[in-house]
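The values are calculated or read from the model by the stated rules, or taken from the named source; none is laboratory data. Everything numeric in this text was worked out from a predicted model, so none of it was measured. Backbone-built Cβ (ideal geometry, glycine too); neighbour counts: all protein chains shown.
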Amino acid sequence: MSEIETRELNVDDVFAVAKMLGKITKGARLQLAAALAGDYTGVVDEVVGVGDGVEKGFALVHRPIQVNTESISIDKMVQVSPKNYSINYATGELLFNIAPKGAKVISASYTGKISNPTEVGLVLFQSVFLEAGEDLKEWLATLTGKEVAEFSKLPATAVLDVIEKLAEQEGIRDFFGKASLLATKFTGKG
């Protein structure tokens, strides 16, 4: 991990996050709400890995997984359990009977639990990045005390470092919950 320092969150951050959340879709907002509650959420087309013809084992991110909610695909071809794979619902371990061939994308849709603050941050980041990326970059830069151009030159791991630092702050779930509520009130999206 790099030596990125972040400041404590303040009122300006609530408005910055609310602005970003106001730009994301209802589905993404519902997934974020589930993450904040430590609840189960629908995961759609999570890229689990890429086949290499050797590796049989992969891991789903959001676990535990609700039993029999998964749809596993290799290059968009749906796989059948137990014929093609087995899954450990508690650990999220996905094990193919035959290693997926090289360069084949393995994806999973399922209902899984988001249970820790780092995952909440990653869900927030993924949702906002897709629909409000520039606003997110600007906010992350302010958290580190850098200008956007300076922040953009940092290693790619800096973004995850900032998210991990945020996850360590006390009351982080409450902070994002309040920002989400504010975004709902301002935009009327709910």
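Some observations on this one:
- Among the residues of region 62-79, the one identified as over 16 Å from residue 95 (Cβ atoms) and buried (at least 17 other Cβ atoms within 10 Å of the Cβ) is 62.
- Strands (runs of 3 or more DSSP E) within region 75-147 that include 2 or more residues modelled with pLDDT under 90: 105-113
- Residue within region 58-68 that is at pLDDT 90 or above, aromatic (Phe, Trp, Tyr) and in contact with a Gly (Cβ under 8 Å, 6 or more places away or on another chain) present: yes
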